[in-house]
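Contents: one structure, followed by commentary.
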Amino acid sequence: NGGLFVWEANTAREFYTLNGHQKMIAGVSWRADSNVLASASEDGTVRLWDMQSGNQLKNWAAHGGGTLHVAFAPDGRLA
């Protein structure tokens with residue numbers, strides 16, 4: 001449905017609800033420092049989320065036919 005839920009591991013409580021994608025989210029990736037989460041969606045976009053505030057940092061059209069995966073490299077670049 002385009003919503004992304006982030007849960008806190010230690011308490012099992014909902015931490016953030018991240019809304020923005022218009023279709024199914026197909027892939028997520030954490031940056032190595034865990035401060036940024038990347039999400040990819042069938043709506044063709046990739047979005048970056050700040051895990052300190054829950055705000056969207058950036059989004060862009062990645063692939064018109066839908067984006068099925070996103071991954072952070074160890075140096076913080078996205079693939």
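Can you name the number of the only condition in (1) free of Cβ contacts under 8 Å to residues at least 40 places away in the same chain; (2) part of a strand (DSSP E or B) that residue 26 fails?
Against the list (1) free of Cβ contacts under 8 Å to residues at least 40 places away in the same chain; (2) part of a strand (DSSP E or B), residue 26 comes up short only on (1).
Contact list please: Cβ distance under 9 Å, first residue in the stretch 1-16 and in contact (Cβ under 8 Å) with a residue 40 or more places away in the chain and in a loop (DSSP other than H, G, I, E, B), second residue surrounded by 10 or more Cβ atoms within 10 Å (Cβ to Cβ) and among the hydroxyl-bearing types (Ser, Thr, Tyr), pairs at least six apart or on different chains.
Correct list of pairs: 2/41.
Can you tell me which of (1) over 12 Å from the mean Cα position of the chain (by Cα); (2) among the hydroxyl-bearing types (Ser, Thr, Tyr); (3) buried (at least 17 other Cβ atoms within 10 Å of the Cβ) is the one residue 39 doesn't meet?
If we test residue 39 against (1) over 12 Å from the mean Cα position of the chain (by Cα); (2) among the hydroxyl-bearing types (Ser, Thr, Tyr); (3) buried (at least 17 other Cβ atoms within 10 Å of the Cβ), just (1) comes out false.
Could you list, in sequence order, all residues of the stretch 1-23 that are under 14 Å from residue 41 (Cβ atoms) and under 12 Å from the mean Cα position of the chain (by Cα)?
Residues satisfying the conditions are 2, 3, 4, 18, 19, 20, 21.
With the requirement that a residue be open to solvent by less than 50 Å² (accessible area, probe 1.4 Å), of a type outside the set (A, V, I, L, M, F, W, C), closer than 24 Å to residue 9 by Cβ and not in a loop (DSSP other than H, G, I, E, B), what does the stretch 42-70 give you?
47, 50
The values are calculated or read from the model by the stated rules, or taken from the named source; none is laboratory data. Note that this is a predicted model, so its numbers are computed, not measured. Cβ coordinates were reconstructed from backbone atoms using ideal geometry, including for glycine residues, and neighbour counts include every protein chain displayed. All accessible areas refer to the heavy atoms of the entire protein, side chains included, with ligands and DNA or RNA removed. Shrake-Rupley method; radii C 1.70, N 1.55, O 1.52, S 1.80 Å.
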